[in-house]
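Student: I'd like to ask you about the structure that follows.
Here, each number is a calculation from the coordinates, and none is a lab measurement. Only a predicted model underlies this, so the values are computations on that prediction, with no experimental measurement involved. When we count neighbours, we look across all protein chains shown, and the Cβ atoms used for this are built from the backbone with ideal geometry, even at glycine.
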Amino acid sequence: MKFVNPKKILVIRFSSLGDVLLTTPFLRVVKNKYPKIEIDYLIRDSFIDAIKLNPNISNIFSWKTEDDLESLISQLKLANYDFIIDLQNNFRSRKVVSKLGKSGFSFKKPNIKKFLLVNLKYNLLKDEKSIPERYINVIPELQIDEKGLELFIPSENKLENLTEKGIIGLAPGAFHFTKRYPIDYFAKVGNMLKNDGFEIAIFGGKSDREICSELNSKIEGSFDFSNDNKLFETASKMKNCKLVICNDSGLMHTATAVGIPVVSIFGSTVKEFGFSPFGVANLIIENNNLSCRPCSHIGKSVCKKKHFKCMLDLNPNLVYEKTIKFMSSL
């Protein structure tokens with residue numbers, strides 16, 4: 001099947017924040033190649049801000065419950081799409097595609113390769129492309145451009161630089177425990193940067209409020225900008241940072257989507273899964289001396305080895321020194 005003369009398509013990506021932002025190069029490339037095309041997007045309601053103002057999208061359909069989704073399917077059947085682009089490719093999205101009864105393209109997940117890497121440490125993912133490139137390769141006629149992720153936000157909420165050196169953002173959260181650099185370590189890095197004359201801004205979503213508050217208490221004079229998942233507010237403040245230090249998380253992709261360099265600390269996951277920072281200057285700090293890593297492609301609630309060396313062996317001095325060296329290259 002070829003992607004020939006498309007006039008109207010539906011893109012499906014339900015979640016989550018980072019994964020949705022990673023679809024934005026696909027949207028841009030399609031719109032640039034076919035300027036008159038209408039691109040509709042089907043997404044979970046809680047992640048709609050990631051694409052809400054994206055000019056490449058014609059209509060957004062969002063849902064909260066299964067009943068909402070069923071109602072939308074009835075509505076989408078009337079849209080007369082040329083193609084359905086399933087970038088989620090799970091049971092629910094395949095069900096939607098089947099019920100719409102239209103030709104489509106779907107994102108091929110390298111599940112067997114991920115299984116082999118996680119469980120047998122047999123790495124067939126070394127030459128795999130980034131997730132944005134893989135999304136674009138869903139349609140053979142498309143080619144990646146030289147731009148990165150995109151997040152379109154309302155007018156920027158300017159932060160006043162209180163120092164000549166500027167603001168460093170810290171984003172200590174991640175959904176899974178094994179993807180989180182320890183708060184005490186984050187605090188030590190933040191305090192060293194604070195002593196160097198940088199202002200420290202802390203970012204997080206609703207599930208990060210507690211750890212952001214704790215980090216704020218450990219770095220005197222820092223600013224806690226965590227909130228109840230107000231993406232536009234977070235992104236607009238991130239745009240004022242010199243760089244953001246973060247975990248492998250949605251806020252890592254948020255920073256890259258507004259063009260901010262990142263230092264990302266990878267624990268139980270690895271960049272071969274394709275979710276490394278995309279389209280901006282970046283540095284990944286990880287422990288490559290562990291035979292148990294990666295232990296998961298999404299992260300775990302506990303370290304099953306009970307040592308958590310993937311993070312604990314990355315001492316704050318190491319992260320600080322690598323960050324300073326990275327900033328000098330910007």
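Student: Neighbour counts of other C-beta atoms within 10 Å: give me His297, His307 arranged from fewest to most.
Tutor: Ordered by Cβ neighbours within 10 Å, fewest first: His307, His297.
Student: What are the principal axis extents of the Cα atoms in the range 131-287, in Å, biggest first?
Tutor: On the principal axes, the range 131-287 reaches 53, 36, 29 Å in Cα extent.
Student: Related question: Determine, at each q value in 0.13, 0.17 (inverse angstroms), the log₁₀ of I(q)/I(0) that the Debye formula gives when each Cα of the range 8-136 is one equal point scatterer.
Tutor: -0.56, -0.90
Student: Rank by packing, highest mean first: peptides 282-288, 246-252, 147-153, 2-8, with packing defined as the count of other Cβ atoms within 10 Å averaged across residues.
Tutor: Going by the mean number of other Cβ atoms within 10 Å, highest first, we get 246-252, 147-153, 282-288, 2-8.
Student: Still on this structure: With +1 on each Lys and Arg Cβ and -1 on each Asp and Glu Cβ, and nothing else charged, work out how big the dipole of the chain is about its Cα centre, in Debye to the nearest 20.
Tutor: Here the chain has a charge dipole of around 1160 debye.
Student: On to the next question. Provide the descending list of Cα extents for the chain along its principal axes, expressed in whole angstroms.
Tutor: Its Cα atoms span 60, 48, 38 Å along the three principal axes.
Student: Ranked highest first by average number of other Cβ atoms within 10 Å, how do 234-243, 271-280, 309-318 line up?
Tutor: With the highest mean Cβ count within 10 Å placed first, the list reads 234-243, 271-280, 309-318.
Student: Also: Taking the simple approach of a point 7 Å from Cα along Cα-to-Cβ for both Lys108 and Ile144, what is their distance in nm?
Tutor: 1.7
Student: Could you tell me how many degrees, from 0 to 90 and to the nearest 10, lie between the Cα long axis of helix 24-33 and the main elongation axis, the longest principal axis, of the Cα atoms of the chain?
Tutor: Roughly 40 degrees, rounded to the nearest 10.
Student: Quick one: what are the phi-derived ³J(HN,Hα) couplings along the range 181-196, Karplus 6.51/-1.76/1.60 with θ = phi - 60°, whole Hz, x for glycine and proline?
Tutor: With the stated coefficients, the range 181-196 comes to 5, x, 4, 4, 5, 4, 5, 5, 5, x, 5, 5, 5, 4, 5, 7 Hz.
Student: To the nearest 500 deg cm²/dmol, what mean residue ellipticity at 222 nm is calculated for the chain from DSSP H runs of n ≥ 4 alone, each contributing -39,500 (n - 2.57), summed and divided by the residues?
Tutor: Helix-only estimate at 222 nm: -9000 deg cm²/dmol.
Student: Take every DSSP beta bridge whose two residues both sit in the chain, then give the antiparallel share in percent to the nearest 5.
Tutor: If I count the DSSP bridges inside the chain, around 0 percent turn out antiparallel.
Student: Mind pulling up the Rg/Rh value for the range 256-314? Radius of gyration and Kirkwood radius, both on Cα.
Tutor: We get a ratio of 1.00 for the range 256-314.
Student: Expressed as a rounded percentage, what relative contact order does the chain have, with Cα pairs under 8 Å and six or more residues apart?
Tutor: 17
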